[in-house]
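Any read-out appearing in this document is the output of simple, stated calculations on the displayed coordinates, not a laboratory observation. These numbers were taken from a predicted model, which means no experiment stands behind them. Virtual Cβ from ideal backbone geometry, glycine too; neighbours counted across all protein chains shown.
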């Protein structure tokens, strides 16, 4: 593929250190069953000085001019009737108070509609205000701000997973003939009598285990995502990196994989970061394709995928991961 600096290709995943547009141009049309990714947040963070880096755009308008090429390629490689899921948030503007926001999710929706996708779902991922305050040091999330002048109070903005479906009929249904077998999230509220019904094989209308999971997956608000369930990423940071660097939670990725793809299908992430989407795809029996422009992130993605087979990642408790990755080598 053109512009690729480094790569690793196995029978279960292919990852590339290079520009995602050039990587996707090397993929056949209508060859991807699902894409899921978190793009740079519209100029909020700056990752590198590379002119191919979307975070290095001059302004918000130029970001979307660049991003349109990405979405156009995603649309080209996606099968008709299949989905692309984009993780994003409202982008703060102005001073450190974060007292104004740009509707970044809305602009993402309009761009996808322009490129042949229908907007079909938006899941809000709840974030705890004090945790956001400690991470971002937003003054408007301090309780003292409410004491002094609550007009100045802010909000712990949700993350969003926006789901699009490419226009056209889906040639291969995503079927769950015995329902959902795993729950990606905090399942502590699942009743004991429901938990004992996992793998129910009778009339699926009576499958209360799968029904319990489906009700939460189909919710517009996901308040039980385990925010700390992420791949290792600290070692990927360069000295001049923003402090925000944090991978997409594996629960979010796992949910969209379960809902929108079949085992054995191909999952694409054009902004791979430290490899979370490829990791989850392989873990769930899919084929993963990832592109990452920044060498330090790509190297960490390789470490995450390679070390996983030896059980050295925090996610070693995930059933079946290491057998799959060992088979890929």
| field | Ranked list, fewest to most other Cβ atoms within 10 Å of each Cβ, for 91, 230, 278 | value | 230, 91, 278
| Cα gyration tensor category, rounded, prolate or oblate, for segment 137-292 with a/c compared to 1.5 | oblate
| Among 169-180, 103-114, what's the highest-first ranking by average C-beta atoms within 10 angstrom per residue? | 103-114, 169-180
| note | Ordering 20-27, 216-223, 251-258 by per-residue average of other C-beta atoms within 10 angstrom, highest first, gives 251-258, 20-27, 216-223
| Taking 33, 143 and counting other C-beta atoms within 10 Å, the order from fewest to most | 143, 33
| Three-way shape call for segment 120-203 based on the alpha-carbon gyration tensor, with the a/c threshold at 1.5 | oblate
